Amino acid sequence: MEIACNVTRQAPLIAELVNLATVRLRGGAWVDPLEGDLLVEAFTTLLGARRSAAVLTEPDAGAHLAELAWELRQVLLADRPADQAARINAMIAKYGAQPYLVEDVGQPFHLHFHGSGGGQVAALGGEFATALALIVDGYGPDRFGACEAQRCEAVYIDLTRNGSRRYCGAACTARAKTAAYRSRRQG
Ligand SMILES: [Zn+2]
């Protein structure tokens with residue numbers, strides 16, 4: 001399995017895996033966190049939008065993906081930079097992330113950080129843990145957060161230039177603007 005390997009492509013995949021598997025309130029509505037085959041299917045669809053050959057076929061892929069999602073969630077919602085860094089380092093060690101150069105079809109050689117610990121989800125875990133480390137290194141420790149719109153618990157990764165992101169996506173940004181407008185009119 002190959003996945004998009006640069007940080008800007010991986011950031012939304014990481015946030016969406018966490019949101020699919022762990023979030024109960026999203027965009028103003030209650031949702032059921034996905035697990036098992038449903039989680040695999042939804043996440044594979046996400047990967048497929050970027051890389052058609054991406055498939056997760058290993059046994060227990062759903063359980064492994066859910067475990068990865070909860071680990072990523074704890075990184076994204078860590079209170080302190082030291083805790084966040086410790087969790088990322090632990091994931092890099094657990095999944096055995098190793099840098100190596102890959103030549104994909106139509107692309108020059110570029111760096112991957114697949115986990116070396118075993119299955120497909122472990123490979124993914126190595127990539128994602130390294131991506132989070134690169135984001136902390138390149139952007140600072142405060143680029144992960146939970147959506148500030150009402151009735152939404154979705155997480156996001158902020159790769160904007162000025163670190164201005166507060167919401168999980170366009171729908172919640174619009175909802176928050178509407179709510180602010182209403183409260184100004186009522187005020
Ligand atoms: Zn939201």
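Quick look at the values:
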quantity	calculated
Pairs with Cβ under 7 Å, 6+ apart, first in segment 62-76 and under 10 Å from residue 21 (Cα atoms), second open to solvent by 50 Å² or more (accessible area, probe 1.4 Å) and assigned to a helix (DSSP H, G or I)	62/37
Qualifying positions in segment 78-106 - open to solvent by 20 Å² or more (accessible area, probe 1.4 Å), over 19 Å from the mean Cα position of the chain (by Cα) and closer than 16 Å to residue 7 by Cβ	99
Tally, over segment 156-168, of residues that are without any contact (Cβ under 8 Å) to a residue 24 or more places away in the chain and either open to solvent by 60 Å² or more (accessible area, probe 1.4 Å) or within 8 Å of the ligand (Cβ to nearest atom) (or both)	6
Residue list for segment 116-140, restricted to those being within 16 Å of residue 43 (Cβ to Cβ) and more than 16 Å from the chain's Cα centre (by Cα)	119, 120
Among residues of segment 51-109, those that are polar (S, T, N, Q) and over 18 Å from residue 14 (Cβ atoms), counted	4
Residues satisfying the stated conditions in segment 107-141, i.e. part of a loop (DSSP other than H, G, I, E, B) and either within 16 Å of the ligand (Cβ to nearest atom) or in contact with a Pro (Cβ under 8 Å, 6 or more places away or on another chain) (or both)	113, 141
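The values are calculated or read from the model by the stated rules, or taken from the named source; none is laboratory data. As the structure is a prediction and not an experimental result, all values here were calculated from the model. A quick note on method: Cβ atoms are made from the backbone with ideal geometry, for glycine too, and the neighbour counts reach across all protein chains shown. These area figures cover heavy atoms from the full protein model, side chains too; ligands, DNA and RNA do not enter into them. Shrake-Rupley method; radii C 1.70, N 1.55, O 1.52, S 1.80 Å.
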